[in-house]
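Here's the structure, in structure tokens; my notes come after.
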Amino acid sequence: MTGADTTATERPVTVREAGQRARGLGLVEVVTRRELLATLVERQARLRVKRTLFGIVWPVVSPMFLLALYLFVFGSVFDVKIHDYGVYLLVGLLPWTFLVQSVHDSLQSISFEPDLVRRAPFPLHFLPMARVAVMTVPFLGLLVASILYLGVVHDRGIAWSTLPIIVLPGASLLLLVTSISMLLALLDVFNRDFRYVLNNLLTVWFFLVPIVYHRKMVNGPVRTITTADPMRWIIDQFRMVLYDGHVDSYLAPLLTLAACAALFVVSLQVFRRLAVDLAKEV
Amino acid sequence: MIGPALAVDDLWVAYRTRSRFGWRQPVGRYALRGLDLTLERGRCLGVIGGNGSGKTTLLQAVAGVIRPSRGRIEVRGRVASLVDLSAGFHRDLTGHENLIIGGVLLGLSRAEVQDRYGEIVDFSGLDPEALDWPLAAYSAGMGLRLGFSLVVHSAPDLLLVDEVLAVGDDAFRAQCLDRISQLQESGCAIMVVSHDMDLVRERCDEVAVLRDGELELIDDARSGVAFYLEAGGRRDTDPAELGIFTHRGRSAAARRRQGAQ
């Protein structure tokens, strides 16, 4: 095998100039470079299971552990008056733990890969995206297991006719988590403070989102804050499908999806604008 | 008419300092200052200079992993670079896994990597069984063999090599140099950064001598190396000529020169 073909009349020319900016919205390259993205996802999945006995099982254990803990604290000790509190908690914790695990995993996805970043030019937002993609697998596994448990084993049952609607909050969640993961991964390259405060910020956010309590239990400014929080809407919509069993209106899920899609596009633009010369930084 | 494999026009690359909060400061240092060079297809350019002269920065800019602060780089065809020993491989992944992922990162499709897999492993000289070991179990030389083998099998039009050949044993080094010659004959342009003056003199058609980020000389290999060695072979960056700037676009050296005029 040889290198360049001497018979070739012309080769594609790549020009790199000062001040050159990435063109377009960056959505097309997710499709055109899907093989690279898929390879990075595979790489991340393989790394996830290296040097660990249970690898991919841990993201499944975490929400179950939290469920047991919060069920004891809020269900038994504080005796929160919510019907079928275990199911209520489970449905809220599923999307929340996916967010937390993905954000944690993605935070250092660029900072910890200096060799890869300096290896060849490629869309660096693929690194946090690959992390989120890998975390999506245990999330979906747990979601399917929960649906089967609620539909087949639990007395409560499930409204199968409304189940397809779960695709809407599911897509919103994926877009929201990917947006946050991209931005935090970029931020971590420039400033490492976030590594130390992320846990605290996520704990505050956790208690602002009505996961362990019902949103009608809070009033005043907290209620206003939670109204603007996309995670509150996403969790509400998961509950509409899996806990309430009926969907009053498609407007809220569609609006949430549109808002999360807009956030994703904006985050991608911010990332592409600022993620220039990261090879100098990592 | 086919254009050059590489055309660099007034290339400046600045490294800016950052505050503790991560904000960019209006203070930094030019690693490259106003470089102009052209590399034709099938030619080999040696890049020599002392530590901090900007050799690796030049390779990174040509490879496309860092952007010019000023100027323009035009590359014709596929670039493949081997600028560090790790070759972008991950220590926890096996040689096989690293080859597939590294190949896709170099711009090959998975099918192309699979097609060339046998050739890559044969060229590396590694026991096929070793491809199932994690890279952490490899010596530096074994990792280099795999990385180099992958890079030269990626059908590059421009190959960038940064000093890594020093790690391989004599037999593999000779094999790599033969391969580089073959690539060159097939039209691939080569850019080699090295402190090995014998290698540069024997293998390169031209030599670019860098000092403090500036192109001091570009000449045929013998003259270029002789020019470099005349200064004792050590032309480390003069602290007074670091190219420190406090305002965008003006280096301290440039302001001094302007002041002298």
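Since every read-out is calculated from the coordinates, none of them should be taken as a lab result. Owing to the predicted nature of the structure, the values given are computational and were not obtained by experimental measurement. FYI the Cβ positions are ideal-geometry reconstructions off the backbone, even for glycines, and counts take in every protein chain you see.
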Q) Considering the zone a paramagnetic label at residue A:147 would reach in this model (a point 7 Å from Cα along the Cα-to-Cβ line), which residues of segment A:230-248 have amide N under 13 Å from it? A) A:238, A:241-243
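For the protein assembly as shown, give me the percentage of DSSP beta bridges that are antiparallel, rounded to the nearest 5 percent. Walk me through the numbers before you get to the answer.
On the way: 30 of 48 bridges.
If I count the DSSP bridges inside the protein assembly as shown, around 60 percent turn out antiparallel.
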Q. Hey, what do the phi angles of segment B:133-150 turn into as Karplus ³J(HN,Hα) couplings, whole Hz, using 6.51/-1.76/1.60 and θ = phi - 60°, x for Gly and Pro?
A. 8, x, 4, 4, 8, 8, 7, 4, x, 5, x, 5, 4, 5, x, 5, 4, 5
**Q.** Shape call, segment B:145-207: gyration tensor on alpha carbons, a/c limit 1.5
**A.** oblate
Q.
How big is the protein assembly as shown along each principal axis, measuring the range of its Cα positions in Å and listing the largest first?
A. 87, 61, 42
(Q) Apply the Karplus curve 6.51 cos²θ - 1.76 cosθ + 1.60, θ = phi - 60°, to the phi angles in segment B:97-105 and return the couplings in whole Hz, x for Gly and Pro. (A) 4, 5, 5, 5, 5, x, x, 5, 5
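How large is the charge dipole for chain A, taken about the Cα centre, if only the Cβ atoms of Lys, Arg (+1) and Asp, Glu (-1) carry charge, to the nearest 20 debye?
Details: 26 positive and 20 negative charges, 82 e Å.
Roughly 400 debye for chain A.
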**Q.** 5 angstrom amide H check on residue B:11, placed H, neighbours 5+ away
**A.** B:34, B:35, B:36, B:72
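For every other residue with a beta carbon closer than 15 angstrom to the beta carbon of residue A:156, add +1 if it is Lys or Arg and -1 if Asp or Glu, then tell me the sum.
Overall, the nearby charge balance is -2.
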Q | Inter-label distance, nm, simple model (7 Å from Cα along the C-beta direction), residue B:9/residue B:21 | A | 4.0 nm
Q: Give a residue-ordered list of calculated ³J(HN,Hα) values for segment A:192-209 (Karplus: 6.51 cos²θ - 1.76 cosθ + 1.60, θ = phi - 60°; whole Hz; x for Gly, Pro).
A: 8, 4, 4, 4, 8, 10, 4, 4, 5, 5, 5, 5, 4, 4, 4, 7, 7, 8
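Using 1/(1 + (r/R0)^6) with R0 = 45 angstrom and r between the beta carbons of residue A:225 and residue A:68, what's the FRET efficiency to the nearest 0.05? Walk me through the intermediate numbers first.
Working: r = 28 Å, r/R0 = 0.63.
With a Förster radius of 45 Å, E is 0.95.
Just counting partner chain Cβ atoms within 10 Å, what average do the residues of peptide B:74-81 show around their Cβ?
Working: counts 5, 6, 7, 9, 5, 3, 2, 3.
Across the residues of B:74-81, the mean count of other-chain Cβ atoms within 10 Å is 5.
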Q. Relative contact order for segment B:58-195 using alpha-carbon pairs under 8 Å, separation at least 6, rounded to a whole percent?
A. 31 percent
Q: Could you check the simple spin-label distance between residue A:79 and residue A:160, using points 7 Å along Cα→Cβ, in nm with one decimal?
A: 3.9 nm
Q.
Using Cα-Cα distances under 8 Å and only pairs 6 or more residues apart, what relative contact order does chain A have, in percent?
A. 27 percent
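For Cα pairs less than 8 Å apart in space and 6+ apart in sequence, what is the mean separation divided by the residue count of segment A:75-219, i.e. the relative contact order in percent? Could you put the intermediate results ahead of the total?
Details: 89 pairs, mean separation 54.0, N = 145.
Dividing the mean separation by the residue count of segment A:75-219 yields 37 percent.
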Q: Restrict the search to segment A:50-112; then list the chymotrypsin sites (Phe, Trp or Tyr not before Pro) that DSSP places in a loop and that have at most 12 other Cβ atoms within 10 Å of their Cβ.
A: A:54, A:78
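Answer rounded, prolate or oblate for segment A:188-282, using the Cα gyration tensor with square roots of eigenvalues a ≥ b ≥ c: rounded when a/c is under 1.5, else prolate when a/b is larger than b/c, else oblate.
It comes out oblate by the Cα gyration axes.
What shape does segment A:70-146 take by its C-alpha gyration tensor, where a ≥ b ≥ c are the square roots of the eigenvalues and a/c under 1.5 counts as rounded, a/b above b/c as prolate, and the rest as oblate? Spell out each step's value before the answer.
Working: a/c = 5.30, a/b = 2.87, b/c = 1.84.
Prolate is the answer for segment A:70-146, as a/c is 1.5 or above and a/b outweighs b/c.
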Q) Considering amide H positions built from the backbone, and no H for Pro or chain starts, which residues 5 or more places from residue B:210, or on another chain, come under 5 Å of its amide H? A) B:48, B:49, B:216
